[in-house]
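The values are calculated or read from the model by the stated rules, or taken from the named source; none is laboratory data. Everything numeric in this text was worked out from a predicted model, so none of it was measured. Here Cβ is always computed from backbone atoms with ideal geometry, including for glycine, and neighbour counts include all displayed protein chains. Keep in mind that these areas ignore ligands, DNA and RNA; they rest on the heavy atoms of the full protein, side chains included. Shrake-Rupley method; radii C 1.70, N 1.55, O 1.52, S 1.80 Å.
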2 protein chains.
Amino acid sequence: MTLSDEVRIALDGKWRHVREQSRIELAKMDLAFDHDLSLDEARERTFRQLKELVPTGIPAAGFSPEYGGAGDPGMAVTGIEMLAQFDLSLMVKAGVQWGLFGGAVENLGTKVHHDAYIRDLINLDLVGCFAMTESGHGSDVQNLETTATYDPATEEFVIHSPTPSSRKDYIGNAAKHATMAAVFAQLVTRGESYGVHCFLVPIRDDKGRDLPGVTTSDCGHKGGLGGVDNGRIVFDQVRIPRGNLLNRYGQVDEGGAYSSPIDDTGRRFFTMLGTLVRGRVSVGGSASASAEVALSIAGRYALKRRQFGPEPGVEILLADYRMHQRRLLPLIARSYAYRFAQNQLVARMHRLQITDDADPQQKRELESRAAGLKVVQTWHASHAIQESRELCGGAGYLAENRLTTLRGDVDVFTTFEGDNHVLLQLVAKELLTAYAAEVGGLDPVGMVRFVAGTVADVVKERTAASQLIQRLIDARPGNDDDHDLLDLGTQLNLFEDREQHVIETVARRLQRATKADDDDEAFRIFNGAQDHLIRAGRVHIDRVVLEAFTAGIGRCEDEEAQELLRDVCTLYALSTIEEDLAWFQGHNRLSDQRAKVVTSEVNAMCEKLRPHLLTLVEGFGVPEESLGAAMLQD
Amino acid sequence: MTLSDEVRIALDGKWRHVREQSRIELAKMDLAFDHDLSLDEARERTFRQLKELVPTGIPAAGFSPEYGGAGDPGMAVTGIEMLAQFDLSLMVKAGVQWGLFGGAVENLGTKVHHDAYIRDLINLDLVGCFAMTESGHGSDVQNLETTATYDPATEEFVIHSPTPSSRKDYIGNAAKHATMAAVFAQLVTRGESYGVHCFLVPIRDDKGRDLPGVTTSDCGHKGGLGGVDNGRIVFDQVRIPRGNLLNRYGQVDEGGAYSSPIDDTGRRFFTMLGTLVRGRVSVGGSASASAEVALSIAGRYALKRRQFGPEPGVEILLADYRMHQRRLLPLIARSYAYRFAQNQLVARMHRLQITDDADPQQKRELESRAAGLKVVQTWHASHAIQESRELCGGAGYLAENRLTTLRGDVDVFTTFEGDNHVLLQLVAKELLTAYAAEVGGLDPVGMVRFVAGTVADVVKERTAASQLIQRLIDARPGNDDDHDLLDLGTQLNLFEDREQHVIETVARRLQRATKADDDDEAFRIFNGAQDHLIRAGRVHIDRVVLEAFTAGIGRCEDEEAQELLRDVCTLYALSTIEEDLAWFQGHNRLSDQRAKVVTSEVNAMCEKLRPHLLTLVEGFGVPEESLGAAMLQD
């Protein structure tokens, strides 16, 4: 086996068999987006591709074997992620149908819903959409306006959009293909509201016409994802049977009495949302997959294209320029880091989802980590694809070289499935409130009132890799060692130390709000610290990622590959530190002298990794023929 | 007059009358890009719009009155820039026809060419393209491969593409509309090569068919600019009359004897290129215009859209969140800064271009500044539009809200008309070689051999605003002043000091190369310092921009507007310092304590400017009805 095979195996992780199978099967399917198609044609083509996926088994992977599934959540997420290597429209459409819509039916519904719908939705006899977001309510889902009012006279719920801002918006599959919507609405019965629940609402007949009371419309062209029919839905007193409430976490009896296993409205809603974690896991992983494609293209182009050189008439490879290495290699290193972190996340998710009585604290930690990794992976994807485009100059701007398509498609990933800034706030909130079950919502005041006094302990609480990490930290060389910054223990210590400091200081700022006299004052304190809070979420995730990289290296069995991965990890760690150098200097974590060493070690590591550039992009496991970039074929 | 009128007047600068006229006339023309059109339809529509521009006088503005022009280069550039507020495809198509192709004929040709072509190209009876870039040669234009070999037997040049990499590529207008190309090729006569010259080569007949020996093809879909037909051209021994050489800087007589007013081949070529500076000036200004549109959209949306809030059910404006202010306002401040810098650049360009015997040193400084401002403005545009998109969430991703179109269109601006990294290297080179006329090329070794011993003097050499700037710097308060960082003199001093230090240190590194034994060693030294060199170009431009902002404030006549602009300038300066805080700390320009003050002053300034958000976006002078964002119309 070659070195790149070994590296690829390490990156492929536990669901390698799914990846290997997908690489072969998907490559045969001609999935590349076609810019010559009209909006309608592109949507129909993606829909046809979706149907072709059914026999691959990927769609069924996540569902229970009782309904023809494989009961393998890890496989489901990995399968979706692999689609992202080929076409993000198809990935999103698959994610909407089997992840979001299917996930809602499976996780929020009960046996009657499973029996009725799961087989059909797997094989696309039932096409659904996930109608959560409203024109006026994206991140703040707890305050959705759509209502589902129970009418005991007919034993029906009445679904209604009371205001223009309550219109369901940006909903994938809603403009065209969905015949049923999983609608999130405020459940009202006997004059009382019990918060947001999910209802199955038929929206189209089999000829594609809106059903009575339903008005769908089309979001039209977008910045990308041309194969996905995003649309809007307005409900005018639409009646559905009582049984269409997905009633795992809340039930209304014939007479209209409400009951739920969870008393608190907010906690109930966030428990429901928590069951849908797979969506965020898929989005983060798919973003990373698309970044890997882009970096594979830019990496190969840098090994092919020449420009300038020592003297007129002699041109050298782009990859041999310092600046080019500086722009490309740290992004590749970051993609490695996120791949290991994502693999760890998927494995944890899988473990928790196949366990009947999973620990609630572990579930919340998983949700928080899924949110955080979604954030860093989607930003990284936007950035890495963009830089890849620029690294390929004019050629990078042509659709035939695929980078601009990837860029446009992945763009929305930073704001859908939770806006990245809001999600980082959520990550920080969970840390600061010590995952307190009471703090379900995201409203600022509710949150700051609960900031724990024991934040430091939460931060220190170690996760699975802890012993290995602690050993590395304990064994780190002293600062007097010339190359101590290359030591993983030193790097881990710097990341951990930064996280602790940032979280402790923001906690101190927010604790003042717990004593604030009124809500306005509490909000003012929250708002003044908002950037600090978001930063806390970010540095926390940075630490989680570095630890996951460390664990991933530990699992790699080939010595040569392990050594290469260690260098890649160092480049990730040091370039991350370099981006935040002002903090490390300003807080006396690095002397001015050592700060300069960070930069020179990054340069040195770029040079050291330069001969491995091809190996590193081959490690991503995107076969050259699947890259779809014309310029690499000349 | 309102405060926003006063601010707009300050930003509009010297060619305000052109802006005012364009705002009215262009708004009537329905220029918004239509995503429902096919590639072909979109190109034809943009071409029709181009024809509609002819009567506005913008196309003729830059040409000599002798041929129906206004002889007003400042107007020409401003007119192109205003197109960018409406549609970047149209701006680029106009720039190709009247700026690049027309500019080549006017600046590289002589009276015979002017008489023959300028009237026709103004009114689009002659549509041209600018065939410089080749598939294998983008930035390194001096090493283009296309040949123009003189044949004295027929008194013709033979234009030929000898290799696949010599194919002309990405050429705007070449896929479809151009009937003539301004082709850059190596001039060869009597067996000797005299470097790159420009030739007028007919490529299509009046039915749009390729002429004999010419093979055009289509670059197809791109990341944006759907209205521009970029294409490729291959020449197979195409014969053109001797007179089709644009012969201002080089002539071949009937017998094949070459003559030129400039002996050195490299210097000759860079003198030719220098006459085309208007292209870069237009690209930078247009990028800024598109950033202003995006920020106007995001700014207005932030004043309309609510989310979360102090307590459940109460939602507050996005603009009132700390993080939102932090993301939006520094970008607006930067747009202000670049607008003032661009206005200053256009005024200088105008002055030099209407002067018959302009000073060569001033010309090179202008070229360098145009290159540098092109870089920072295009990166800023990509970044500001992207952030605007994300600040508008899902709505920002819909084409009907225009941000994704702007983003895709402007994307290529960072790599065309000179790749940004290469241009920054050029800026640094000019500084380091003290604008030495001998150092025409960009080949690394040629350059490092010439690094001046007197770099410090070059850096200190002051430009127009110098007295005002020096007064401000001299009058700055001491570091013990609690708010001294708000002082413009302090900010100017920090920028200037950083520039001097960075340039001096990179000069010292490169001076070692002047003594290097061989070219490989010289190249190694250059390459090791490449990132440092590029950084030098960048910090130089930062200083130029801050000084231009300072001068712009000085010219503003309304006191209230002046005060507001001063705050915006502070936000620009401090957020720029904040981005490079590690440098200021690590080089003892800011103590750790004062570094923290930078961040708190940025926050404070965001809060201070928040009530002026609408005024600030109105100041950009893009009327709300021209923004073309559906979400603002609800």
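A few remarks follow.
- Test: A:R449 is more than 21 Å from A:H540 (Cβ to Cβ), assigned by TED's automatic domain parsing to the domain that holds A:R348 and modelled with pLDDT under 80: yes
- Every residue from the stretch A:489-524 that is open to solvent by 20 Å² or more (accessible area, probe 1.4 Å) and within 11 Å of chain B (Cβ to nearest Cβ): A:D518, A:D519, A:D520, A:E521, A:F523, A:R524
- Test: B:L88 is surrounded by 24 or more Cβ atoms within 10 Å (Cβ to Cβ) and within 16 Å of the chain's Cα centre (by Cα): yes
- Note on the stretch B:423-435: among residues that are part of a loop (DSSP other than H, G, I, E, B) and open to solvent by 20 Å² or more (accessible area, probe 1.4 Å), the one that is farthest from B:Q511 (Cα to Cα) is B:Y435.
- Positions within the stretch A:81-123 being over 26 Å from A:V201 (Cα atoms) and not small (G, A, S), in sequence order: A:E81, A:M82, A:L83, A:Q85, A:F86, A:D87, A:L88
- Flag if A:Q344 is part of a helix (DSSP H, G or I), surrounded by 24 or more Cβ atoms within 10 Å (Cβ to Cβ) and more than 14 Å from chain B (Cβ to nearest Cβ): yes
- Complete set of residues in the stretch B:577-622 that are in contact with a Phe, Trp or Tyr (Cβ under 8 Å, 6 or more places away or on another chain) and either of a type in the set (F, W, Y) or open to solvent by 40 Å² or more (accessible area, probe 1.4 Å) (or both): B:R589
- Pairing residues of the stretch A:16-27 that are outside the structural domain of A:V346 (by TED's automatic domain parsing) and closer than 11 Å to A:F86 by Cβ with residues that are surrounded by 20 or more Cβ atoms within 10 Å (Cβ to Cβ) and among the aliphatic types (A, V, I, L, M), at Cβ distances under 6 Å and at least 6 apart in sequence or on separate chains, gives A:S22/A:M82.
- Picking from residues in the stretch B:1-45 that are open to solvent by 60 Å² or more (accessible area, probe 1.4 Å) and among the basic types (K, R), the one that is nearest to the other protein chains (Cβ to nearest Cβ) is B:K28.
- Residue that is farthest from the chain's Cα centre (by Cα) [pool: residues in the stretch B:277-335 that are of a type in the set (D, E, K, R) and not in a helix (DSSP H, G or I)]: B:E311
- Entry remark, the stretch A:528-540: residues being part of a helix (DSSP H, G or I), under 26 Å from the mean Cα position of the chain (by Cα) and either within 13 Å of chain B (Cβ to nearest Cβ) or modelled with pLDDT under 95 (or both) number 9 in total.
- Comparison of B:R402, B:R339, B:R369 shows that the only residue that is out of contact with any Lys or Arg (no Cβ under 6 Å at 6 or more places or on another chain), buried (at least 22 other Cβ atoms within 10 Å of the Cβ) and within 12 Å of chain A (Cβ to nearest Cβ) is B:R402.
- Residue within the stretch B:581-598 that is within 13 Å of chain A (Cβ to nearest Cβ), modelled with pLDDT of 95 or more and closer than 18 Å to B:A302 by Cβ present: no
- Sole exception among (1) within 18 Å of A:K93 (Cβ to Cβ); (2) open to solvent by less than 20 Å² (accessible area, probe 1.4 Å) for A:F130, by number: (2)
- A:R543 vs. criteria more than 10 Å from every other protein chain (Cβ to nearest Cβ), in a helix (DSSP H, G or I) and of a type outside the set (A, V, I, L, M): yes
- Scanning the stretch B:540-563 for residues that are open to solvent by less than 10 Å² (accessible area, probe 1.4 Å) and farther than 17 Å from B:A341 by Cα gives a single hit, B:A561.
- Condition check for A:L564: among the aliphatic types (A, V, I, L, M), within 11 Å of chain B (Cβ to nearest Cβ) and farther than 17 Å from A:H380 by Cβ: no
- In summary, helices (runs of 4 or more DSSP H) completely within the stretch A:56-171 and bearing 2 or more residues that are of a type in the set (G, A, S) and modelled with pLDDT of 95 or more occur at A:73-84, A:88-94, A:102-108.
- Leading residue by the ranking (farthest from B:L39 (Cα to Cα)) among those in the stretch A:384-414 that are in contact (Cβ under 8 Å) with a residue 24 or more places away in the chain and part of a loop (DSSP other than H, G, I, E, B): A:C392
- Checking the stated criteria, A:G418 turns out not to satisfy the condition of being in a helix (DSSP H, G or I), of a type in the set (G, A, S) and within 11 Å of another protein chain (Cβ to nearest Cβ).
- Selection from the stretch A:249-280 of residues that are out of contact with any Pro (no Cβ under 8 Å at 6 or more places or on another chain) and among the aromatic types (F, W, Y): A:Y258, A:F269, A:F270
- The lone exception for A:R167 - which of (1) open to solvent by 10 Å² or more (accessible area, probe 1.4 Å); (2) more than 30 Å from the chain's Cα centre (by Cα) it fails: (2)
- When the residues of the stretch B:452-481 are filtered to those that are open to solvent by less than 20 Å² (accessible area, probe 1.4 Å) and at pLDDT 80 or above, the one that is nearest to the other protein chains (Cβ to nearest Cβ) is B:I473.
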